[in-house]
There are 2 protein chains.
Amino acid sequence: MLKISRLTDYATMILVHLATRPERVSSASDIAESTHVALPTTQKVLKLLARSGLVVSARGSEGGYALGRSANAISASDILDVLEGPIAITECSATHSHCELESLCQVGGAWQKINKAIRAALGDITLADLCRPARELPVQSLLQKVPRSMHRSERS
Amino acid sequence: MLKISRLTDYATMILVHLATRPERVSSASDIAESTHVALPTTQKVLKLLARSGLVVSARGSEGGYALGRSANAISASDILDVLEGPIAITECSATHSHCELESLCQVGGAWQKINKAIRAALGDITLADLCRPARELPVQSLLQKVPRSMHRSERS
DNA sequence: TCAATATAGGACTATATTAGTCCGATTAGT
DNA sequence: ACTAATCGGACTAATATAGTCCTATATTGA
């Protein structure tokens, strides 16, 4: 819950990188070098982003990628939709459909509603916001333990 | 992102079940039968819940489980903390603290902020809310939970 | 006290998801 | 034509999650 995949993390970095270079296209290898994400992974992410329209691509020599639209027209939920799909917080499996305890089945609906509200809130946060330094935001100290696996170990 | 694990789903169902029976303790096998979750899995979830204090347990004959506190004193984020841990949305690993591209490193901080806002909102949703039909949920407060400075701006 | 009934803790396996790499094809510029 | 790119997708590896099972311990009541 509330964990974004590493690919989404990379995608965000890549998009921020592109947002700072609105004029020109950047090749996958340039982006990989700048973001310190391994090249094959960078390529994979860029392909997903390009297919969704969040970035536009130019093939061939001197080709590369650029933002598909301006940074404040790209929302956090746009990014999540591309990298993780419009996944529901839970799916009420068919095996529960004949459940006689309807109060339990409604729980799934509650999670869905929560999910929808969160996505809506995320729709108001833009890539331009993400480009701004985090320290400009009201700081609330939050000590969270992070699993080893969530670290960006793949970055070179 | 925004996907709860199946175990969390089970836990919620189990808690809702217990919330409807505040007077007596229910054994794991009773709960398994009522929720249609396999017994070993039910036991696993209950053990986690008991360890966290969300439910209290009584061992031995005539033992079982009951809610550790009233349903409106248990929040959605309490449940998530127990089943999924206080996971961060991303974390910039210490080995990259010397990264020369500060703007990219700050992206993680923005996700953290978003995560915190969501968790805070989830802290306001109680087990009692989850027992009620989904349309009565107080989720609209979510939008206010995101720091103002992160909302869409006209800048750039 | 003994037997029956529970939970407690944790090891273990199986499964699903995610990450990462690589290959061949296509496209565009020089 | 040659070179430098993206495109699509297959494939493997790594990781996380789910689910099961075994042994120990506690409680109750006959």
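What pairs in A:K3/A:K44; A:K3/B:K47; A:K44/A:K113; B:K3/B:K47; A:K3/B:K44 have C-alpha atoms more than 29 Å from each other?
Working: A:K3/A:K44 20 Å; A:K3/B:K47 24 Å; A:K44/A:K113 32 Å; B:K3/B:K47 22 Å; A:K3/B:K44 23 Å.
Flagged as over cut-off: A:K44/A:K113.
Note the distances from A:S29 to each other copy's matching label point, with points 7 Å along the Cα-to-beta-carbon direction, in nm, sorted shortest first.
Reported distances to equivalent positions: 6.7 nm.
Run through the stretch B:1-90 and list the GluC sites (Glu not before Pro) located in a DSSP loop whose Cβ has at most 16 other Cβ atoms within 10 Å.
For GluC sites (Glu not before Pro) across the stretch B:1-90 that sit outside H, G, I, E and B with at most 16 neighbouring Cβ atoms in 10 Å, the list reads B:E23, B:E62.
Work out the mean other chain Cβ neighbour count within 10 Å for the residues of B:113-125 and drop it here as an integer.
Counting other chains' Cβ atoms within 10 Å and averaging over B:113-125 gives 5.
How crowded by other chains is B:14-23, given as the mean number of beta carbons from other chains within 10 Å of each beta carbon?
2
Loop only by DSSP, 14 or fewer other Cβ within 10 Å of the Cβ. Give me the trypsin sites (Lys or Arg not before Pro) in the stretch B:1-84 that pass, ordered by residue number.
B:R24, B:R59, B:R69
Counting only other chains, what is the mean number of Cβ atoms within 10 angstrom of the Cβ of each residue in peptide A:36-42?
The mean count of partner-chain Cβ atoms within 10 Å per residue comes to 1.
For every other residue with a beta carbon closer than 15 angstrom to the beta carbon of B:V56, add +1 if it is Lys or Arg and -1 if Asp or Glu, then tell me the sum.
Here the charged neighbours net out to +3.
Starting from the 7 Å offset along Cα-to-Cβ, what nm value, one decimal, do you get for the label separation of B:S27 and B:N72?
Each label point lies 7 Å from its Cα, and together they span 3.4 nm.
May I ask you to report, in nm to one decimal and beginning with the shortest, the distances from A:S61 to the same position in the other copies, taking label points 7 Å along Cα-to-Cβ?
8.9
Bear in mind that the values in this text are calculations on the coordinates, not laboratory data. Keep in mind that what you see is a predicted model, and the values were worked out from it rather than measured. Neighbour counts are summed over all protein chains in view; Cβ atoms, including those assigned to glycine, are modelled from backbone coordinates with ideal geometry.
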